[in-house]
1. Take residue 115 and decide whether it is surrounded by 14 or more Cβ atoms within 10 Å (Cβ to Cβ), in contact with a Cys (Cβ under 7 Å, 6 or more places away or on another chain) and modelled with pLDDT of 90 or more.
2. Output the number of residues of region 131-165 satisfying the condition of being in a helix (DSSP H, G or I) and closer than 26 Å to residue 77 by Cα.
3. Filter region 67-86 down to residues that are part of a loop (DSSP other than H, G, I, E, B) and within 15 Å of residue 191 (Cα to Cα) and give me whichever is farthest from the chain's Cα centre (by Cα).
4. Can you tell me which residue in region 166-195 is modelled with the highest pLDDT, limited to those that are under 30 Å from residue 48 (Cβ atoms) and part of a loop (DSSP other than H, G, I, E, B)?
5. Is it fair to say residue 97 is at pLDDT below 95, closer than 20 Å to residue 200 by Cα and exposed (fewer than 15 other Cβ atoms within 10 Å of the Cβ)?
6. What do you reckon, is residue 64 in a helix (DSSP H, G or I) and within 16 Å of residue 135 (Cα to Cα)?
7. Restricted to region 154-197, and to residues that are among the β-branched types (Val, Ile, Thr) and buried (at least 19 other Cβ atoms within 10 Å of the Cβ), which residue is farthest from the chain's Cα centre (by Cα)?
8. What number goes with the only condition from (1) part of a helix (DSSP H, G or I); (2) within 30 Å of residue 162 (Cα to Cα); (3) touching a Ser or Thr at 6+ places or on another chain (Cβ under 8 Å) that residue 50 does not pass?
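The values are calculated or read from the model by the stated rules, or taken from the named source; none is laboratory data. If you're wondering where the values come from, they're calculated on a predicted model, not measured in any experiment. Backbone-built Cβ (ideal geometry, glycine too); neighbour counts: all protein chains shown.
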Amino acid sequence: MGMNHPVGYPSAPLPEKRPAWVVGAVTILSFVVLLWVIELWDSLTNHQLDDNGIRPLETEGLWGIVFAPLLHSNWDHLIANTVPALILGFLMTLAGLSRFIFATAIIWILGGFGTWLIGNIGAHCPYVGVRCEPNHIGASGLIFGWLAFLIVFGFFTRKVWEIVIGVVVLIVYGGVLLGVLPSTPGVSWQGHLCGAIAGLVAAYLLSGPEREQRSARKRGGQLPQTFAR
(Lines give C-alpha, C1' and ligand atoms only; values in the text may rest on other atoms or scores of the structure.)
Protein backbone atom coordinates (compact mmCIF):
# COMPACT_ATOMS: atom_id res chain seq x y z
CA MET A 1 0.00 0.00 0.00
CA GLY A 2 1.53 3.26 -1.04
CA MET A 3 2.11 6.08 1.37
CA ASN A 4 1.57 9.73 0.57
CA HIS A 5 4.57 11.89 1.25
CA PRO A 6 4.19 15.63 1.64
CA VAL A 7 5.69 17.57 -1.17
CA GLY A 8 8.43 19.85 0.08
CA TYR A 9 8.70 23.41 -1.13
CA PRO A 10 11.74 25.58 -0.61
CA SER A 11 11.05 28.02 2.18
CA ALA A 12 11.14 31.68 1.28
CA PRO A 13 14.34 33.35 2.42
CA LEU A 14 13.95 35.50 5.49
CA PRO A 15 14.53 39.19 4.91
CA GLU A 16 17.95 40.31 5.99
CA LYS A 17 17.97 42.23 9.25
CA ARG A 18 19.33 45.71 8.85
CA PRO A 19 22.42 46.54 10.93
CA ALA A 20 21.65 48.35 14.16
CA TRP A 21 23.67 51.38 13.13
CA VAL A 22 21.61 51.75 9.94
CA VAL A 23 18.34 51.61 11.89
CA GLY A 24 19.74 54.12 14.36
CA ALA A 25 20.91 56.48 11.65
CA VAL A 26 17.55 56.38 9.89
CA THR A 27 15.72 56.93 13.18
CA ILE A 28 17.63 60.00 14.28
CA LEU A 29 17.75 61.44 10.76
CA SER A 30 13.97 61.10 10.55
CA PHE A 31 13.61 62.94 13.85
CA VAL A 32 15.79 65.83 12.71
CA VAL A 33 13.92 66.02 9.39
CA LEU A 34 10.71 66.29 11.42
CA LEU A 35 12.20 69.25 13.32
CA TRP A 36 12.98 70.99 10.03
CA VAL A 37 9.51 70.34 8.63
CA ILE A 38 7.92 71.75 11.78
CA GLU A 39 10.13 74.85 11.66
CA LEU A 40 9.25 75.37 7.99
CA TRP A 41 5.56 75.28 8.84
CA ASP A 42 6.17 77.53 11.83
CA SER A 43 7.94 80.09 9.63
CA LEU A 44 5.13 80.03 7.07
CA THR A 45 2.52 80.65 9.79
CA ASN A 46 4.36 83.59 11.39
CA HIS A 47 5.75 81.45 14.26
CA GLN A 48 2.36 80.78 15.79
CA LEU A 49 3.54 77.37 16.99
CA ASP A 50 6.16 78.90 19.26
CA ASP A 51 3.50 79.87 21.79
CA ASN A 52 3.15 76.18 22.66
CA GLY A 53 6.37 76.01 24.66
CA ILE A 54 6.84 75.34 28.38
CA ARG A 55 5.42 78.22 30.42
CA PRO A 56 6.59 77.60 33.98
CA LEU A 57 4.04 77.01 36.73
CA GLU A 58 1.10 77.65 34.40
CA THR A 59 -1.40 74.83 33.98
CA GLU A 60 -1.66 75.40 30.24
CA GLY A 61 2.11 75.52 30.08
CA LEU A 62 2.25 71.82 30.94
CA TRP A 63 1.34 71.01 27.33
CA GLY A 64 4.66 72.57 26.42
CA ILE A 65 6.39 69.52 27.90
CA VAL A 66 5.07 67.58 24.91
CA PHE A 67 5.68 70.21 22.22
CA ALA A 68 8.69 72.27 23.34
CA PRO A 69 11.50 69.99 22.02
CA LEU A 70 9.92 70.13 18.56
CA LEU A 71 9.80 73.94 18.35
CA HIS A 72 12.54 76.50 17.65
CA SER A 73 12.50 80.26 17.73
CA ASN A 74 14.11 80.64 14.29
CA TRP A 75 16.29 78.87 11.74
CA ASP A 76 19.51 79.82 13.54
CA HIS A 77 18.19 78.17 16.69
CA LEU A 78 17.35 74.98 14.79
CA ILE A 79 20.65 74.92 12.89
CA ALA A 80 22.58 75.23 16.16
CA ASN A 81 20.77 72.15 17.50
CA THR A 82 20.87 70.07 14.32
CA VAL A 83 24.47 68.78 14.34
CA PRO A 84 24.55 67.87 18.07
CA ALA A 85 21.16 66.18 17.70
CA LEU A 86 22.40 64.09 14.76
CA ILE A 87 25.67 63.05 16.43
CA LEU A 88 24.49 62.50 20.01
CA GLY A 89 21.17 61.02 18.92
CA PHE A 90 22.95 58.51 16.67
CA LEU A 91 25.36 57.52 19.46
CA MET A 92 22.35 57.03 21.73
CA THR A 93 20.83 54.51 19.32
CA LEU A 94 23.97 52.37 19.51
CA ALA A 95 22.94 51.38 23.05
CA GLY A 96 19.88 49.78 21.48
CA LEU A 97 16.81 51.25 19.84
CA SER A 98 14.52 50.40 22.76
CA ARG A 99 16.89 52.03 25.21
CA PHE A 100 17.11 55.06 22.97
CA ILE A 101 13.33 55.36 22.93
CA PHE A 102 12.94 54.92 26.70
CA ALA A 103 15.83 57.26 27.49
CA THR A 104 14.45 59.91 25.16
CA ALA A 105 11.00 59.57 26.74
CA ILE A 106 12.45 59.97 30.26
CA ILE A 107 14.51 63.00 29.26
CA TRP A 108 11.63 64.52 27.30
CA ILE A 109 9.07 64.21 30.11
CA LEU A 110 11.20 64.49 33.26
CA GLY A 111 13.40 67.25 31.83
CA GLY A 112 10.37 69.11 30.58
CA PHE A 113 8.59 68.86 33.91
CA GLY A 114 11.68 70.10 35.71
CA THR A 115 11.81 73.07 33.34
CA TRP A 116 8.14 73.75 34.08
CA LEU A 117 8.96 73.82 37.79
CA ILE A 118 12.06 76.05 37.78
CA GLY A 119 11.80 77.85 34.44
CA ASN A 120 11.02 81.16 36.12
CA ILE A 121 14.19 81.16 38.21
CA GLY A 122 16.66 83.74 36.95
CA ALA A 123 14.44 84.68 34.03
CA HIS A 124 14.49 88.36 33.14
CA CYS A 125 13.14 90.40 30.29
CA PRO A 126 15.67 92.01 27.93
CA TYR A 127 13.22 94.86 27.25
CA VAL A 128 12.97 97.62 29.85
CA GLY A 129 9.46 98.29 31.11
CA VAL A 130 7.96 95.23 29.42
CA ARG A 131 6.63 92.21 31.33
CA CYS A 132 7.92 88.98 29.85
CA GLU A 133 6.60 85.49 30.48
CA PRO A 134 9.21 82.73 30.00
CA ASN A 135 8.37 80.35 27.16
CA HIS A 136 10.91 77.57 26.84
CA ILE A 137 11.26 75.90 23.43
CA GLY A 138 13.93 73.97 21.56
CA ALA A 139 15.53 70.54 21.43
CA SER A 140 18.55 71.61 23.46
CA GLY A 141 17.11 70.18 26.69
CA LEU A 142 16.82 66.83 24.94
CA ILE A 143 20.35 67.19 23.57
CA PHE A 144 21.76 67.94 27.04
CA GLY A 145 19.96 64.85 28.31
CA TRP A 146 21.50 62.69 25.60
CA LEU A 147 24.90 64.20 26.35
CA ALA A 148 24.71 63.45 30.08
CA PHE A 149 23.37 59.95 29.36
CA LEU A 150 26.23 59.09 27.02
CA ILE A 151 28.89 60.37 29.41
CA VAL A 152 27.82 58.23 32.38
CA PHE A 153 26.02 55.24 30.86
CA GLY A 154 29.19 53.24 30.25
CA PHE A 155 30.31 53.67 33.85
CA PHE A 156 27.01 52.16 34.98
CA THR A 157 27.11 49.23 32.54
CA ARG A 158 30.91 48.72 32.80
CA LYS A 159 31.04 47.96 29.07
CA VAL A 160 34.31 49.08 27.55
CA TRP A 161 32.96 50.42 24.27
CA GLU A 162 30.26 52.44 26.06
CA ILE A 163 32.87 53.86 28.44
CA VAL A 164 35.00 54.85 25.44
CA ILE A 165 32.02 56.59 23.83
CA GLY A 166 31.36 58.43 27.08
CA VAL A 167 34.95 59.62 27.37
CA VAL A 168 35.06 60.76 23.74
CA VAL A 169 31.75 62.59 24.10
CA LEU A 170 33.00 64.25 27.29
CA ILE A 171 36.18 65.42 25.54
CA VAL A 172 34.36 66.72 22.46
CA TYR A 173 31.21 68.14 24.05
CA GLY A 174 32.14 68.49 27.72
CA GLY A 175 32.46 72.26 27.47
CA VAL A 176 28.85 72.47 26.35
CA LEU A 177 27.79 71.39 29.84
CA LEU A 178 28.55 74.93 31.02
CA GLY A 179 25.21 75.71 29.38
CA VAL A 180 23.48 74.38 32.51
CA LEU A 181 24.60 77.57 34.28
CA PRO A 182 22.90 80.96 33.95
CA SER A 183 24.64 82.77 31.12
CA THR A 184 23.23 84.33 27.96
CA PRO A 185 19.85 86.06 28.40
CA GLY A 186 17.15 84.31 26.45
CA VAL A 187 18.91 80.91 26.61
CA SER A 188 17.08 78.29 28.65
CA TRP A 189 19.78 77.17 31.05
CA GLN A 190 16.94 75.78 33.15
CA GLY A 191 15.98 73.47 30.29
CA HIS A 192 19.61 72.47 29.81
CA LEU A 193 20.03 71.71 33.51
CA CYS A 194 16.82 69.71 33.82
CA GLY A 195 17.55 67.82 30.60
CA ALA A 196 21.02 66.87 31.86
CA ILE A 197 19.65 65.69 35.21
CA ALA A 198 16.99 63.65 33.43
CA GLY A 199 19.73 62.12 31.26
CA LEU A 200 21.59 60.98 34.39
CA VAL A 201 18.39 59.47 35.79
CA ALA A 202 17.71 57.68 32.49
CA ALA A 203 21.24 56.27 32.37
CA TYR A 204 20.93 54.88 35.87
CA LEU A 205 17.49 53.36 35.34
CA LEU A 206 18.26 51.83 31.95
CA SER A 207 21.56 50.33 33.10
CA GLY A 208 19.58 48.26 35.63
CA PRO A 209 20.03 44.89 33.86
CA GLU A 210 23.83 45.23 33.74
CA ARG A 211 24.00 46.38 37.36
CA GLU A 212 21.81 43.46 38.49
CA GLN A 213 23.94 40.97 36.54
CA ARG A 214 27.05 42.41 38.17
CA SER A 215 25.51 42.06 41.61
CA ALA A 216 24.42 38.49 40.85
CA ARG A 217 27.94 37.55 39.76
CA LYS A 218 29.34 39.00 42.96
CA ARG A 219 26.85 37.05 45.06
CA GLY A 220 27.56 33.87 43.11
CA GLY A 221 31.30 34.30 43.53
CA GLN A 222 31.22 34.59 47.31
CA LEU A 223 32.64 31.63 49.17
CA PRO A 224 30.49 30.12 51.93
CA GLN A 225 31.59 31.22 55.37
CA THR A 226 32.66 28.58 57.89
CA PHE A 227 32.02 29.22 61.54
CA ALA A 228 33.86 27.34 64.29
CA ARG A 229 31.79 25.83 67.10
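1. Against the criterion (surrounded by 14 or more Cβ atoms within 10 Å (Cβ to Cβ), in contact with a Cys (Cβ under 7 Å, 6 or more places away or on another chain) and modelled with pLDDT of 90 or more), residue 115 qualifies.
2. Residues meeting the conditions: 12.
3. Looking at residues that are part of a loop (DSSP other than H, G, I, E, B) and within 15 Å of residue 191 (Cα to Cα), I get 73.
4. Selected residue: 188.
5. yes
6. It is true that residue 64 is in a helix (DSSP H, G or I) and within 16 Å of residue 135 (Cα to Cα).
7. Out of the qualifying residues, it is 157.
8. That leaves (2) as the condition not met.
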